[in-house]
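One structure is given below, encoded as structure tokens.
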Amino acid sequence: MTITSASANPSSAFRFPLPRIHPRLRLPLAIVAIVLVAPFAVPPLLGIDPNAMSVLERFAGPSLAHPLGLDEFGRDRLARVLIGAQASLRVAVISALISCTIGSLIGLFGAYFRGLAGFLSTKTADVVLCFPPILLALLVVTLMGPGTTTLIWVLSIIYFPAFARIVYLEASRVSQLDYVVAAKALGARPRRVMFRTMLPNISGPIIVQLSLTAAAAIVTESGLSYLGLGVVPPDPSWGQMIRGARAYMERDPLGIIIPCVAISLTIYSVNLLTDRLRDVLDPKGLSGGIPILSPRRPKVQAAPQSATLEADTVLRIDHLDVATNTNGTPIKLIEDVNLRVRRGRCTALVGESGSGKSLTASSVMGLLPRGVNVTAGDIMLRSHNGETIQVTTLSGEDLEAIRGRDAAMIFQEPMTALNPVYRVGDQLIEAAKIHRSVSSAQAREEGIEFLKRVGVNDPVRRFDSFPHMLSGGLRQRVMIAMALSMQPGLLLADEPTTALDVTVQAEIIDLLIALKNSAGAPGILFISHDLGVVAQLADEIAVMYAGRVVEQGPAATVLGNARHPYTRALLQSMPAAHEELHASRSDTLPSIGGTPPLPHERPAGCAFRDRCPHAVSVCAEVRPDLTSVDGPDHLAACHLTRGSAV
Amino acid sequence: MLHSAISRLASALSMLFVVATLVFAIQVVIPGDPAELLLSSAGSTPTPENIAALRVEMGLDRPLLQQYVEFLWGAVRLDFGNSLIDNSSIGQTIATRLPRTLELIAVAMSIAVAVAVPFGTHAALRAGGRLDTAGSGVSALFAAVPVFVIGTLLILLFAQTLKLTPAGGYADFGSAPIQHLSNLVLPAITVAMSIFPIIFRMTRSSVLDSLSNEWVRTALAKGLPRRAVVRRHVLRNALGPVVTVIGLQLGILLGSTVLVEFVFNWPGLSGYLVTAVEQRDYPTVRAIILVVAAIFIFINLLIELLQMKLDPRVQL
Amino acid sequence: MIEQYNLLEVEKLSLGFGGGNGLLRSQPAMILRDVSFTIGQGEIIGLVGESGSGKSTIGKAVLKLLKAQEGRIRFDGVDISDLSEHDMRPLRREMQIVFQDPYSSLDPRQTVRGILSDALDIHRLHTGTAREPRLVELLDMVGLRREFLDRYPHEFSGGQRQRIGIARAMSVEPRLIVADEPVSALDVSIQAQVINLIARLRDQTGVSVLFISHDLSVVRFISDRIIVLYLGKIMEVGPADLVHHAPLHPYSKALVSAEPRLDQKSSRIRLTGDIPSPLKPPSGCVFRTRCPFALPACAEGVPELREVAPGRSKACIRDDIDMETAA
Ligand SMILES: Nc1ncnc2c1ncn2[C@@H]1O[C@H](COP(=O)(O)OP(=O)(O)OP(=O)(O)O)[C@@H](O)[C@H]1O
Ligand code: SF4
Ligand code: SF4
Ligand SMILES: [Mg+2]
């Protein structure tokens, strides 16, 4: 439920394109405004005449009266370059606007009505895009003769297809979204759906394209004018000025440099605006998504605790804190988590979305997202030769050595966890080939053996399939085979069944149960939000809420005799726990009000207190520690469980 | 695979047909009579008799359908008729000039790809680092300067001021290889600079996108060394969009080299085209444009087929 | 709940996608085959099935957001199967939809006020001074505070967004709501709130609900009757409690026993193999490839959905399976 963070909703950043200008856009917008206005405002202000010649002063250098000097006819260069801008800008802006309007309409209609309109709008664009832009322009100029009007038409024709295509794609994407379907379901007329619902939501890409097109139009206009086929004399334009100055290049390099710089600065400023617009519209572009390939992990304070793991334990996490530091102030995402996974046993980590389950698992693998770090605590892992490894002190290469071999991981989305361009078998044995340098033939044989072991029918054929040919359940089996293939001591399973159908989920759970009971089984850290799933697999359960473990103990105890109000509420709100209730008898399901707090707004005291039916005044002030209840193994973090039962 | 390759080929051919029709139709649709335009470009006001005579010569008096069929049939045989200006065979002139343009494009593209792809990759892998900032700065700079301005400035610097290279011109490779190459350097670099930003940016963003794929996390989680992850699970998947953009640029270059050839007096298709446009020699213009569009469509077809090889999911 | 009156009647609905596209013409892939059911006034019907079984497609076809190839849909006695979009418009007020994804179901550029007002504007309801009280009333109805009116969707949690979506649907006072997995994207603790809300709205307004979900235990709680769907075919229809406790069809039984439960029963029917692609369903009984009770005869004819007990139907040729001992 982390919706209010800006990153969770990319479109929110660009809600008010005009009234509230994003800080990153202010500078480029100001520059572009100057570039657009100056050519029209400055010449009358200065009162200089671009056509006044003083032949005696040809090629005069810069002076107070003529800051940029005089050209080959003794005309003021500053005036010329500004007047030249007028022609270029007028052509570029008008044609960009025309092509934007035409293209957007075509794209929008095409995407809404599909069928013939859609076909035409995409195909027109395809056909026009077959001509390199300059050539298309030349074709039209041949027939219509050069001139400003021709140019505007030419440029509009050249650039509208790109608009049509982009608007078509964006509008098609948006028209699949539920809120557009909702508008149709409400009976809104096509005009309303297109212009009131769809258009505002694709305005971002349109604005970006508009500014791109304006820049491109300036380039093309100047190119044509340079060839003598664009704006014709006596209207000056930058392209023409460069063309004219070429003849005097040796004598007067300044004459050619000035318009070159003018053009380039103008385009640069428009490009800058475009780039910033893109960044603002798509915040992901700034951070580049979640590249996990952080060059080197910042080392945690060396924790030379020479502690070793108990003999039956493959993973122990002690007092783990994980924090992010994106906006300067560190925010704790995980606080004081303690966990233990025993060999051949399953520890389950349960909690709602955002409670910190995945981050806990990622910490073990050293795969935390960029900007998120372990700030305190120890993670001790059993290596394949029996030693105890302090994961938090490892750097890049040492981490690579333990991943896959000592701790393997499977993920929630089997659809995206496999690389679509390689055969599944090749991905399955990839790590083995690198780490153990076995021959390809032998690795293949082993791989097929592992596929068989995780219950893949026809493993030889599956081995050579591409991921997209397999169903979700099969892919998850492949992932499990991949994880087991290096015989790790620890298997981290992050919601491995959540994306699967119930019947397939049941099969995968059975597979994991069988795995747990097999000889040499790894310890499993199983992450899930579903207590029903956990009940079938787990030997021990830790319940997380808002980054902390609130209750922990043997599975049967936690499920059967939950003591923390949150755990109880979770168990209570499962419809499966209330077979005696039915809505038609006006029963209601027991439910918890409110939502979990976001990491940066976690309150002092107990994080659950706003939703807790038993909260007392001390809950707001003192954060309850995990303390044992009933027996030494059963821990809960609640003020009420210390003394009497809740 | 074969099936979808054939259907792509068919759609490319039909596109070519549409383009040819369009090139023919523009002349009919756009107001103004090509014959009249041709004559008036000379300066004098043409008499109706002159116009009529030229119309006969250009075949404009014949029924539209006949003109159209003859045009198409000619195009299929690569026979585009003769120039209105000097009556030379258009097809032949194209055949001598086109290879020079293609040479320029090939050399320029090789330079651009050789620099921009590794540069973009490293920039993405260390996003926000120094190399990234430098690359983005350079590409913003190059992107802001129109290609003929780059050319002009390079001439000013290397030819006029430093006198390292010729300012322009052409020599036959067979008779004067050194001369040929030294003439090629500046125009090739100019073109390469103009496409550098596009390839650099596409490579960078494609690698960044690829980095955030979940299978990268899988690859890391199974303990592949960083280098293997980058090579096999990041770069390999980032290739597709880069290849597409290279193909698209090849096509666009066929047009924008017009300017570069003009700046450097490189006698490719462009000089021919610009003269033809100035003189309103419509048959020549449309022949050149048709040839270029055909090459463009063909390149795109190749790219699509390549994409099918690169990504097993892309079928039909 | 006894239904005297069928608000919605769906008869032999068949719907497919694709086909007739470009050069390479192909058979449309049939997603729904011969689907028939009714929804009574004020009734909540649960529609369960696994991914790709066509649950959402049924929902959209009922609302005529998708065009069915064959079959009849009658709403309130009126055959709407062949109505044009234009003629549908006044009827749209009577049937509304609630979506699964709380993130994409609300226009990110409109405030709650805008979203709800749009709905009212389209049908010119509560105009002028009557608007504000109505908006407040709608928020009240779904348990949101009136201060929320001028906030944007991204300022809300998933559960709250879902409430806004429900308010939008209820704003035009519909008589039927298609709720397409309305709680699947929500955390358990929030899920119960939304389920209770939908049940309460039905009690208060008498709206009928087609409640789509893949979670049998949710559907058992909220619905009066359950329809079990597999690969575009109805497998079983019956009263919710009965279908859940004593399923008649092997597939329903498998679904029930696959449900992850706290008190793990040892008896389970385990399906093996994957769900076949809806594009190439098996011949005969579509469940045949995964059915533990399949006979050679199951491959021959498509089993009819037939009434086997009062109010209970199934599409299986076998009547001799003892579910309890088989399990
Ligand atoms: N890269 C990141 N930068 C900042 N905060 C993050 C980052 N990744 C996760 N968080 C925050 O850390 C908290 C815990 O996230 P985590 O992914 O571990 O939750 P989870 O329990 O796995 O949830 P889910 O059930 O949705 O997978 C959340 O509040 C989340 O918003
Ligand atoms: S500490 Fe207080 S608020 Fe927290 S769970 Fe216990 S009783 Fe509730
Ligand atoms: S008809 Fe046959 S295959 Fe289908 S459910 Fe009944 S027994 Fe199984
Ligand atoms: Mg998670």
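Here B:GLY74, B:GLY128 are screened, and the one residue that is open to solvent by 20 Å² or more (accessible area, probe 1.4 Å), modelled with pLDDT under 85 and either assigned to a helix (DSSP H, G or I) or within 14 Å of another protein chain (Cβ to nearest Cβ) (or both) is B:GLY128.
Residue count for region C:274-291 satisfying the condition of being near ligand 3 (Cβ under 8 Å from one of its atoms) and open to solvent by 20 Å² or more (accessible area, probe 1.4 Å): 2. When the criteria are applied in full, C:LEU210 fails the requirement of being facing chain A (nearest Cβ under 8 Å) and of a type outside the set (Phe, Trp, Tyr). What about C:SER53, is it open to solvent by less than 10 Å² (accessible area, probe 1.4 Å), touching a Phe, Trp or Tyr at 6+ places or on another chain (Cβ under 8 Å) and farther than 20 Å from C:ILE195 by Cα? Judged against the criteria, C:SER53 is a match. For the condition touching an Asp or Glu at 6+ places or on another chain (Cβ under 9 Å), within 11 Å of chain A (Cβ to nearest Cβ) and part of a strand (DSSP E or B), C:VAL183 does not qualify. Of the numbered criteria (1) outside any helix (DSSP H, G or I); (2) crowded, with 22+ Cβ neighbours inside 10 Å; (3) within 13 Å of chain B (Cβ to nearest Cβ), the one A:GLN412 fails is (2). Return the residue satisfying two criteria in turn: it lies in region A:116-127 and is out of contact with any Leu (no Cβ under 7 Å at 6 or more places or on another chain) and within 11 Å of another protein chain (Cβ to nearest Cβ), and of such residues it is farthest from B:PHE148 (Cα to Cα). Per the criteria, the residue is A:PHE119.
Looking at region A:546-646, what helices (runs of 4 or more DSSP H) fall wholly within it and have at least 1 residues that are within 16 Å of ligand 1 (Cβ to nearest atom)? Before the answer, list the steps.
Values: elements: A:555-560, A:565-572, A:617-621, A:639-642.
Passing ranges, in order: A:565-572.
Is it the case that region A:599-613 has a residue that's within 16 Å of ligand 4 (Cβ to nearest atom) and over 17 Å from C:VAL218 (Cβ atoms)? Scanning region A:599-613 turns up at least one residue that is within 16 Å of ligand 4 (Cβ to nearest atom) and over 17 Å from C:VAL218 (Cβ atoms).
Restricting to region A:567-598, count the residues that are within 16 Å of ligand 4 (Cβ to nearest atom) and crowded, with 18+ Cβ neighbours inside 10 Å. Write out each step before concluding.
Quick first cut of region A:567-598, residues within 16 Å of ligand 4 (Cβ to nearest atom) only: A:596, A:598.
Okay, now just the ones that are also crowded, with 18+ Cβ neighbours inside 10 Å, so A:596.
Adding up the residues that qualify gives 1.
Checking each residue in region A:244-266 for being facing chain B (nearest Cβ under 9 Å), open to solvent by 40 Å² or more (accessible area, probe 1.4 Å) and more than 12 Å from A:VAL81 (Cα to Cα) picks out A:ARG246, A:GLU250, A:PRO253, A:LEU265. Contact list please: Cβ distance under 8 Å, first residue in region A:178-202 and at positive phi, second residue outside any helix (DSSP H, G or I) and of a type in the set (D, E, K, R), pairs at least six apart or on different chains. Going by the 8 Å Cβ cut-off, the qualifying pairs are A:GLY187/C:ARG93.
Among what's in region B:176-194 and is closer than 23 Å to A:TYR268 by Cα and among the polar types (S, T, N, Q), pick the residue that is farthest from the chain's Cα centre (by Cα). Going through the qualifying residues, I end up with B:THR190. The set of residues in region A:110-160 being under 31 Å from the mean Cα position of the chain (by Cα), at pLDDT 85 or above and under 18 Å from A:LEU97 (Cα atoms) consists of A:TYR159, A:PHE160. Can you confirm whether A:HIS564 is free of Cβ contacts under 8 Å to residues at least 24 places away in the same chain and either assigned by TED's automatic domain parsing to the domain that holds A:VAL629 or buried (at least 19 other Cβ atoms within 10 Å of the Cβ) (or both)? Answer is no for this residue.
Candidates A:PRO233, A:PRO190: the one that is surrounded by fewer than 24 Cβ atoms within 10 Å (Cβ to Cβ) and modelled with pLDDT under 85 is A:PRO233.
Exactly one residue among A:ALA506, A:ALA521, A:ALA441, A:ALA514 is within 14 Å of chain C (Cβ to nearest Cβ) and surrounded by fewer than 20 Cβ atoms within 10 Å (Cβ to Cβ), and that residue is A:ALA514. Here A:ALA493 qualifies as within 16 Å of ligand 1 (Cβ to nearest atom), of a type in the set (A, V, I, L, M) and open to solvent by less than 30 Å² (accessible area, probe 1.4 Å). Counted as qualifying within region C:44-109 are the strands (runs of 3 or more DSSP E) with 3 or more residues that are in contact with a strand residue (DSSP E or B) (Cβ under 7 Å, 6 or more places away or on another chain), away from chain A (no Cβ under 11 Å) and of a type in the set (D, E, K, R), namely C:70-75.
Please pick out the residue among A:VAL280, A:VAL322 that is modelled with pLDDT of 65 or more, touching a Gly at 6+ places or on another chain (Cβ under 9 Å) and either within 16 Å of ligand 2 (Cβ to nearest atom) or under 26 Å from A:ALA216 (Cα atoms) (or both). Spell out how you get there, then give the answer.
Details: A:VAL322 fails: either within 16 Å of ligand 2 (Cβ to nearest atom) or under 26 Å from A:ALA216 (Cα atoms) (or both).
Sole residue among the options that is modelled with pLDDT of 65 or more, touching a Gly at 6+ places or on another chain (Cβ under 9 Å) and either within 16 Å of ligand 2 (Cβ to nearest atom) or under 26 Å from A:ALA216 (Cα atoms) (or both): A:VAL280.
Looking across region A:64-87, the residues that are within 16 Å of A:VAL42 (Cα to Cα) and open to solvent by less than 10 Å² (accessible area, probe 1.4 Å) come down to A:ASP76, A:ALA79, A:GLY84, A:ALA85. Of all residues in region A:390-405, at least one satisfies being in a strand (DSSP E or B) and not assigned by TED's automatic domain parsing to the domain that holds A:PRO599.
Yes/no per residue for (1) in a helix (DSSP H, G or I); (2) within 14 Å of chain B (Cβ to nearest Cβ); (3) buried (at least 22 other Cβ atoms within 10 Å of the Cβ):
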{"site": "A:ARG340", "(1), (2), (3)": "no, no, no"}
{"site": "A:GLY344", "(1), (2), (3)": "no, no, no"}
{"site": "A:LEU349", "(1), (2), (3)": "no, no, yes"}
{"site": "A:ARG370", "(1), (2), (3)": "no, yes, no"}
{"site": "A:TYR422", "(1), (2), (3)": "no, yes, no"}
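The single condition among (1) surrounded by 23 or more Cβ atoms within 10 Å (Cβ to Cβ); (2) more than 16 Å from ligand 4 (Cβ to nearest atom); (3) within 27 Å of the chain's Cα centre (by Cα); (4) of a type in the set (A, V, I, L, M) that A:MET544 does not meet is (2).
What residue, of C:ASP150, C:ASP121, is open to solvent by 70 Å² or more (accessible area, probe 1.4 Å), over 25 Å from the mean Cα position of the chain (by Cα) and farther than 20 Å from C:VAL207 by Cα?
C:ASP150
Of the residues that make up region B:101-111, is at least one of a type outside the set (S, T, N, Q), within 12 Å of chain A (Cβ to nearest Cβ) and touching a residue at least 12 places away in the same chain (Cβ under 8 Å)? Full working, then the answer.
First, pick out the residues of region B:101-111 that are of a type outside the set (S, T, N, Q): B:102-109, B:111.
From the residues that got through so far, the ones that are within 12 Å of chain A (Cβ to nearest Cβ) too are B:105.
Of the ones still in play, those that are also touching a residue at least 12 places away in the same chain (Cβ under 8 Å) are B:105.
Within region B:101-111 (the criterion being of a type outside the set (S, T, N, Q), within 12 Å of chain A (Cβ to nearest Cβ) and touching a residue at least 12 places away in the same chain (Cβ under 8 Å)), the answer is yes, since at least one residue qualifies.
With respect to (1) touching a Gly at 6+ places or on another chain (Cβ under 6 Å); (2) under 30 Å from A:VAL421 (Cα atoms), the lone exception for B:ASN183 is condition (2). Among the conditions (1) more than 14 Å from ligand 1 (Cβ to nearest atom); (2) open to solvent by less than 40 Å² (accessible area, probe 1.4 Å); (3) within 13 Å of another protein chain (Cβ to nearest Cβ); (4) of a type in the set (Lys, Arg), the only one that A:LYS357 does not satisfy is (1).
The values are calculated or read from the model by the stated rules, or taken from the named source; none is laboratory data. Owing to the predicted nature of the structure, the values given are computational and were not obtained by experimental measurement. No Cβ is skipped: glycine too gets one built from the backbone with ideal geometry, and neighbour counts run over all protein chains shown. What goes into the accessible areas is simple: the full protein's heavy atoms, side chains included, and nothing from ligands, DNA or RNA. Shrake-Rupley method; radii C 1.70, N 1.55, O 1.52, S 1.80 Å.
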